[in-house]
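Okay, so here's the structure we're looking at.
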Amino acid sequence: MNGHCNTTVEEFHCNNGFSDLIIDTKKSAVHRKHETSRKEAEDMSHLPALEGAYTSILRELGEDTDRQGLLRTPLRAAKAMQFFTKGYHETIDDILNNALFDEEHDEMVIVKDIDMFSLCEHHLVPFFGKVHIGYIPNKRVVGLSKLARIVELFSRRLQVQERLTKQIAMGISEALQPRGVAVIIEAT
């Protein structure tokens, strides 16, 4: 991609009086609305066009798309690309499903080593890694598995690692409104 391997990107947001680290939640909510949601019906309506595009790519590479091994490859590739980018038709609200809980816990919650897979938006090649999330609750917590699903939501889009880190941090901050949230991604 750009020659960087084993890079670590960190994003930290804090809502405890450090004005240079406070999230502008109104701005990020508008941005998030813009990013969200192709409906699944729209995905199905795009499938023939994607299949045709993959057929064209294979032909331009010199392949015979009528040979047995490639007969259904364009359709499979189109469906795979839709799966790899399914984060475009999901929202944090869909994932959390009102599973936020009032809790008097005020110590840091940490989830480490969440597996992550995404596609580089510049080359459409995969990058893999681990995500580590820490947040300090502000009387609201969420099940730990939901944090992994938030990671998946944003990683199933065409991405760059830096934006992915920020989107995860901002998504958690908007949903939980914690006193602070930190996200670290280690990817190759």
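Quick one: length gained pulling Glu60 to Asp106 fully straight, 0.36 nm per residue minus the C-alpha distance? Provide the component values of the computation, followed by the final result.
Working: separation 46, 0.36 × 46 = 16.56 nm, distance 5.82 nm.
The span from Glu60 to Asp106 would gain 10.7 nm if fully extended.
Let me understand the range 60-111 better: what is its radius of gyration from the alpha carbons, and its Dmax, in angstrom?
21.6, 63
As a test of reading the structure, rank Phe127, Phe84, Phe101 by solvent-accessible area (1.4 Å probe, protein chains only), most first. It would help to have the intermediate numbers written out before the result.
On the way: Phe127 10, Phe84 70, Phe101 110 Å².
If we order Phe127, Phe84, Phe101 from most to least accessible, we get Phe101, Phe84, Phe127.
If packing is taken as the mean number of other Cβ atoms within 10 Å per residue, what is the order of 167-179, 143-155, 54-66, highest first? Walk me through the numbers on the way to the answer.
Working: 167-179: 21.8, 143-155: 19.5, 54-66: 12.4.
So the peptides 167-179, 143-155, 54-66, ranked by packing, come out 167-179, 143-155, 54-66.
Once fully extended, how much extra length lies between Thr91 and Leu158, figured as 0.36 nm per residue of separation less the alpha-carbon to alpha-carbon distance? Could the numbers behind the result be given before it?
Details: separation 67, 0.36 × 67 = 24.12 nm, distance 1.56 nm.
My answer for the length gained is 22.6 nm.
Can you give me the solvent accessible area of Met44 with a 1.4 Å probe, rounded to the nearest 10 Å²?
Only protein atoms counted, so the area is about 120 Å².
Regarding the range 80-188, what whole-number volume in Å³ per residue does the convex hull of its Cα atoms give? Spell out each step's value before the answer.
Numbers: hull volume 9.2 nm³, N = 109.
In the range 80-188, the Cα hull volume divided by residue count equals 85 Å³.
Taking 0.36 nm per intervening residue step and subtracting the Cα-Cα distance, what contour gain separates Met44 from His123 on full extension? Provide the component values of the computation, followed by the final result.
Working: separation 79, 0.36 × 79 = 28.44 nm, distance 2.44 nm.
Gain on stretching Met44 to His123: 26.0 nm.
The values are calculated or read from the model by the stated rules, or taken from the named source; none is laboratory data. Not measured: the values here are computed from a predicted model. Cβ sites come from the backbone with ideal geometry, for glycine too, and all protein chains shown count toward neighbours. Only protein heavy atoms, including side chains, enter the accessible area calculation; ligands, DNA and RNA are left aside. Shrake-Rupley method; radii C 1.70, N 1.55, O 1.52, S 1.80 Å.
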